Amino acid sequence: MNNVTLTNIFRFFIFVLIQVFILKNIDLGEGVLNYLLFYIYPLFIILLPSKIPHVYLILLGFLIGISIDLFYNSYGIHASAAVFTAYIRPYVLSFLEPRGGYVSGEGLTKYRYGETWFLQYSAFLLVIHLLFLFSVEAFTFIYIKEILLRTFFSFMGSFLLVIIYIFLFNPKD
């Protein structure tokens, strides 16, 4: 096993533990803050190497999503959102591809591609993930206002966590 594989295995377990034992237990009360939820686990999919085969990417998305579902008792909602995020990631990458292209086998990090590129890329995937997650959770567009409010506020909180993680740990792979 190479260093990138070990790093991603470690990252998988750390993100699941943080999500399940810390972020799941944050309750900010009533009102607008009720729409604010924190999700760090999509960052696992975001940081995976650029040239990972699509089948493995979707499988890893399913594994992290189902791991979260086991602790949230959410019956596949997180797994479906993570699989959708993993499925759409290659299309987002082709849309945001830098001039020199992507380096095979390296993670998609701020260190490799710059702050601006990484923040755009991670924000785009995080919004897609959250919108899909809350849409599947509601299972109807009658609650579109709540879906959009949850997506907006959860994006703000989750993106703040992504920024903190990226600037605190500055992953290279």
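Read the figures in this text as sums done on the coordinates, not as results from a lab. All figures in this text were calculated on a predicted structure; none of them were measured in a lab. Note that each Cβ is placed from the backbone with ideal geometry, even for glycine, and that neighbours are counted across all protein chains shown.
What's the center-to-center distance, using Cα atoms, between the range 127-157 and the range 47-118 in Å?
So the two Cα centres are separated by 19 Å.
Across the chain, how many lysine pairs separated by 8 or more positions, or lying on different chains, have Cα atoms within less than 30 Å? Before the final figure, lay out the partial values.
Working: Lys24/Lys110; Lys24/Lys145; Lys24/Lys172; Lys51/Lys110; Lys51/Lys172; Lys110/Lys172.
Count of close lysine pairs: 6.
What does the helix-only formula give at 222 nm for the chain: each DSSP H stretch with n ≥ 4 adding -39500 (n - 2.57), the total divided by the residues, and the result rounded to the nearest 500 deg cm²/dmol?
On the way: 7 runs with 117 residues, N = 173.
Computed mean residue ellipticity for the chain: -22500 deg cm²/dmol.
Using Cα pairs under 8 angstrom and six or more residues apart, how large is the relative contact order of the chain, in percent?
On the way: 201 pairs, mean separation 48.9, N = 173.
That works out to 28 percent.
Where the only charges are on Cβ atoms (+1 Lys, Arg; -1 Asp, Glu), what is the dipole of the range 3-169 about its Cα centre, to the nearest 20 debye?
Details: 9 positive and 8 negative charges, 77 e Å.
Computed about the Cα centre, the dipole is about 380 debye.
Based on the mean of other beta carbon atoms within 10 Å per residue, what is the order of 143-150, 40-47, most packed first? Each step should come with its number before you reach the end.
On the way: 143-150: 15.2, 40-47: 23.9.
Descending packing order for the listed peptides: 40-47, 143-150.
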